[in-house]
């Protein structure tokens, strides 16, 4: 990661929704290594695994759902300054089969 990008993330609290997925876990590691003060991973583990989340001192895993107000309050109480919203249905067919739930997760979550 280039220096000026690393400087942007240094000492920041960052929330990554869907952070236990393939993309989210790699982003979490990169943000951690860029010097983020804390990377909060929120994931309901519906299509991912907790072991994907990097076990690093500045990474906090919260098992929860972005459509649950209590879970959201819990992570936002940590004061994230940046949010990466990667939580979504796994596989596009789910979006076709369950459009209301897809809208709820991607639009309101």
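The values are calculated or read from the model by the stated rules, or taken from the named source; none is laboratory data. Everything quoted here is computed from the prediction, not taken from an experiment. Note: ideal-geometry Cβ built from the backbone for every residue, glycine included; neighbour counts use all protein chains shown.
Note on the range 1-78: enclosed strands (runs of 3 or more DSSP E) holding 1 or more residues that are touching a residue at least 60 places away in the same chain (Cβ under 8 Å) and more than 18 Å from residue 105 (Cβ to Cβ) are 13-17.
Just so you know, in the range 33-48 the residues that are surrounded by fewer than 20 Cβ atoms within 10 Å (Cβ to Cβ) and in contact with a strand residue (DSSP E or B) (Cβ under 9 Å, 6 or more places away or on another chain) include one that is farthest from residue 86 (Cα to Cα), and it is 37. Checked against (1) under 23 Å from residue 102 (Cα atoms); (2) surrounded by 13 or more Cβ atoms within 10 Å (Cβ to Cβ), residue 53 meets all criteria but (1).
For the subset of the range 82-106 comprising residues that are within 13 Å of residue 16 (Cβ to Cβ) and at pLDDT 80 or above, which member is surrounded by the most Cβ atoms within 10 Å (Cβ to Cβ)? The qualifying residue surrounded by the most Cβ atoms within 10 Å (Cβ to Cβ) is 87.
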